[in-house]
2 protein chains.
Amino acid sequence: MKDREGRGSELKQAIRPIKMSTITDVAEEAGVSRATVSRVLSGSDAPIRPATREKVLAVVAKLGFRPNAVARSLSGKRTFTVGVLVSDIGNPFYAEVIKGVEDAGLPEGYNLFLGNTNFDLDRGTTLIHSLIDRRVDGVIILFSRTSQEWLTTLAGHNIPVTVVDRDPSIPPLESVSINVDFRPGIRAAVEHLVGLGHRRFAHVSGPLDLQTSRRRRDMFMEELAAHGIKPGQIQCEEGDFHIEGGREAARRIFDNNKTWPTAIFAANDLMALGVMGEARARDLRVPQDLSVIGLDDIWPAAHSTPPLTTVAMPRYKIGFQAMSRLMKQLKEAKPGRKTPQEISLATQLVIRESTAPPRR
Amino acid sequence: MKDREGRGSELKQAIRPIKMSTITDVAEEAGVSRATVSRVLSGSDAPIRPATREKVLAVVAKLGFRPNAVARSLSGKRTFTVGVLVSDIGNPFYAEVIKGVEDAGLPEGYNLFLGNTNFDLDRGTTLIHSLIDRRVDGVIILFSRTSQEWLTTLAGHNIPVTVVDRDPSIPPLESVSINVDFRPGIRAAVEHLVGLGHRRFAHVSGPLDLQTSRRRRDMFMEELAAHGIKPGQIQCEEGDFHIEGGREAARRIFDNNKTWPTAIFAANDLMALGVMGEARARDLRVPQDLSVIGLDDIWPAAHSTPPLTTVAMPRYKIGFQAMSRLMKQLKEAKPGRKTPQEISLATQLVIRESTAPPRR
DNA sequence: TCGAAAAATGAAATCGGTTTCAGAGTGGGC
DNA sequence: GCCCACTCTGAAACCGATTTCATTTTTCGA
């Protein structure tokens, strides 16, 4: 917080109109051609006599000249902008990813167009098209739900795309894939739970039409199987990655007359929070009566009651890498089809207070 | 959720390069001049013979022509972009405001540049300059902390700015102000608390160098005074609008040997959450032992334990109005200095479960 | 000191639109 | 049948950079 409420040094700064100078102004003032000014400023490889360079630089400083990014974008091929598509910035998970994206892009001069789809396919399509119209250099898609149509469109326009947590079962259309390796985190979660003595589990999954939901669920089951617990013994309920969906799934689990599970693993933190809410409503104490584990590690998870044990996603890193790789791709020689990049980031278990040994 | 994991109709859609047609292509194909195409497309006031219009439109459809927004921005005066500056998108409050901004802008063809300052003044300055370079049509500043310098710079460049919750004690430099009227919400909160029987209060404020923090605090005290409770009886601790800051302020309040307050009003939800966290750590039950009221009504407030009673800000509306007014300002005849707009949005109390009668 | 190669710079085209200004059709009033 | 006023449309300038290509300077070896 080095910020401050600056008042422009007490003296009531008058708003004096700033005339935007163009490269032509600079050229005339410095007595050189626009081409020369351009070369000095945009680090061209053409050699410039030191005297000339200084002369130009002096005028630039004097006039406070800053090149018009729009004009630059038109003549150059690049706009130094990328579009970031998110289904809901309200979800802190995405917010943190975006921070990573921005931090990686800013130093390189990139600005972000933010697009919020609100889970609306048509809106997403609209956004994609406006991004194309604006000639963004690249697009980062952070959806849990992504339309393949967007990817083909983007690919057709030769716009590099980074997709996070993609469906590995279909061939990649994007140029950079950030895969999330849920294995280490989920394995640790299962070991943690089993170690605590749990034997009866339930899972609240994301929408099952999403590959990532199925992957998380299957991995959970596989790891449990390694400890002798059969998939058939695990009750799975489908959620929607939102709090309410998690809560409803929990309702279904508890309403089920069979013996209740002693531990529930939710496919994301929001749903885990929903599960805890429902547990509380039924006077089930977490973690004494029920252990809950989430996935994501959004900040509210650390401040819930009790603080949530969760499989942490490297949120910031995901964003940072997504942007870095995209820019790398962008920097590479334009010619032709670049080989798709693909990297994997690991998850890790964060143990807090929503897990404990089951009651006897 | 009308979204779906579209696979582009099973047939493995090949990525066929899409050639971007230009207005010249359209003109040639339609046998008219570029000027005519432009007029047809960008709703110029020049009359076009129906036959010509249709001919052009047909070609546009056939070629799938979409005008290059960059070129359009360069020649026209407008870019149809606005910059949104936020100190932290991780805070759901800002996220929801942004949704409002986007929803208002999208139908009018505006896209958003998102800037996250992370409370860093220099970073903010960098962002402001890049936005100017990119010739955004306007800027929306959602800070609690805003540098006046930015505003003068923006004003100097004649870029309309919308400021939310500005400091009314200094003359406006921006063209649109969205004021938040805390009065109704805070009054209702005080009446609620007093009605429950509370007599000993504490307040966790935001950073006191911020006018908005002082305003919230003073209003709380004024309303209490109306019920016969003197400012001197109210313990105030300064926070930082973050969870941890709220928690620390609570620590100070509890560590204070005097009689504890039975109700605490925090200047925002994040700090209220921090207060509840600290209360829990000290085995103080909320609301039995301590009533807590926040301000903002971010979603985690509704899902905390217990759910937080709070003074709700019209978050979405703030964003929507901020953008709407800005666009209105943009639409108005360019000539000269437009009169600054100013609107006020009211707050309102949302009673949940963090408040109850004090123990006897 | 001369000439050729290298270095530095400028003129002009280009990016893809919008807009001004002027010219070409059309139609109507007398 | 003529002239003027509209109604449409096109040519060209312009927005503010970058970049190619050509030209002017320098630099240097012989």
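Per-residue answers, yes or no, for (1) in the same structural domain as A:Asp296 (by TED's automatic domain parsing); (2) charged (D, E, K, R); (3) in contact with a strand residue (DSSP E or B) (Cβ under 9 Å, 6 or more places away or on another chain); (4) within 14 Å of A:Asp165 (Cβ to Cβ):
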{"position": "A:Asp181", "(1), (2), (3), (4)": "yes, yes, yes, yes"}
{"position": "A:Arg187", "(1), (2), (3), (4)": "yes, yes, yes, no"}
{"position": "A:Glu191", "(1), (2), (3), (4)": "yes, yes, yes, no"}
{"position": "A:Arg200", "(1), (2), (3), (4)": "yes, yes, yes, no"}
{"position": "A:Thr212", "(1), (2), (3), (4)": "yes, no, yes, yes"}
{"position": "A:Asp218", "(1), (2), (3), (4)": "yes, yes, no, no"}
{"position": "A:Lys230", "(1), (2), (3), (4)": "yes, yes, no, no"}
* Asked: Quick one: how many residues across the range B:66-90 are open to solvent by less than 20 Å² (accessible area, probe 1.4 Å) and in a loop (DSSP other than H, G, I, E, B)?
  -> 4
* To do: Tell me which residues, restricted to the range B:249-281, are within 14 Å of another protein chain (Cβ to nearest Cβ) and open to solvent by 20 Å² or more (accessible area, probe 1.4 Å).
  => B:Leu273, B:Arg280, B:Ala281
* Quickly run through the range A:139-149 and pick out the residues that are buried (at least 24 other Cβ atoms within 10 Å of the Cβ) and not hydroxyl-bearing (Ser, Thr, Tyr). => A:Val139, A:Ile140, A:Ile141, A:Leu142
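Do we find that B:Lys317 is in a helix (DSSP H, G or I), open to solvent by 60 Å² or more (accessible area, probe 1.4 Å) and over 17 Å from B:Gly90 (Cα atoms) in this structure?
Yes.
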* **Matching residues, the range A:53-65, being in a loop (DSSP other than H, G, I, E, B) and away from DNA strand D (no atom under 13 Å from the Cβ)** => none
* To do: Being open to solvent by 60 Å² or more (accessible area, probe 1.4 Å) and within 6 Å of DNA strand D (Cβ to nearest atom) is the filter; apply it to the range B:35-52 and report the residue that is modelled with the highest pLDDT.
  => B:Arg49
* **Total residues in the range B:131-152, condition modelled with pLDDT under 95 and either assigned to a loop (DSSP other than H, G, I, E, B) or within 8 Å of chain A (Cβ to nearest Cβ) (or both)** => 9
* Asked: Only one residue in B:Ala58, B:Ala71, B:Ala95 is facing chain A (nearest Cβ under 8 Å) and more than 15 Å from DNA strand C (Cβ to nearest atom), so which one is that?
  -> B:Ala95
* Asked: Do we find a residue being in contact (Cβ under 8 Å) with a residue 40 or more places away in the chain, surrounded by fewer than 17 Cβ atoms within 10 Å (Cβ to Cβ) and part of a helix (DSSP H, G or I) anywhere in the range A:213-232?
  -> no
* Selected residue (criterion: farthest from the other protein chains (Cβ to nearest Cβ)) from residues of the range B:33-50 that are within 11 Å of DNA strand C (Cβ to nearest atom) and among the β-branched types (Val, Ile, Thr) -> B:Thr36
* Asked: Hey, among the residues in the range B:282-312 that are in a loop (DSSP other than H, G, I, E, B) and open to solvent by less than 10 Å² (accessible area, probe 1.4 Å), which one's nearest to B:Arg252 (Cα to Cα)?
  -> B:Leu290
* To do: Could you tell me whether the range A:165-173 includes any residue that is at pLDDT 95 or above, more than 10 Å from chain B (Cβ to nearest Cβ) and open to solvent by 10 Å² or more (accessible area, probe 1.4 Å)?
  => no
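The values are calculated or read from the model by the stated rules, or taken from the named source; none is laboratory data. All values derive from a computational prediction rather than experimental measurement. Neighbour counts run over all protein chains shown; Cβ positions are idealised from the backbone, glycine included. Heads up: the accessible areas ignore ligands, DNA and RNA and are worked out on the full protein's heavy atoms, side chains in. Shrake-Rupley method; radii C 1.70, N 1.55, O 1.52, S 1.80 Å.
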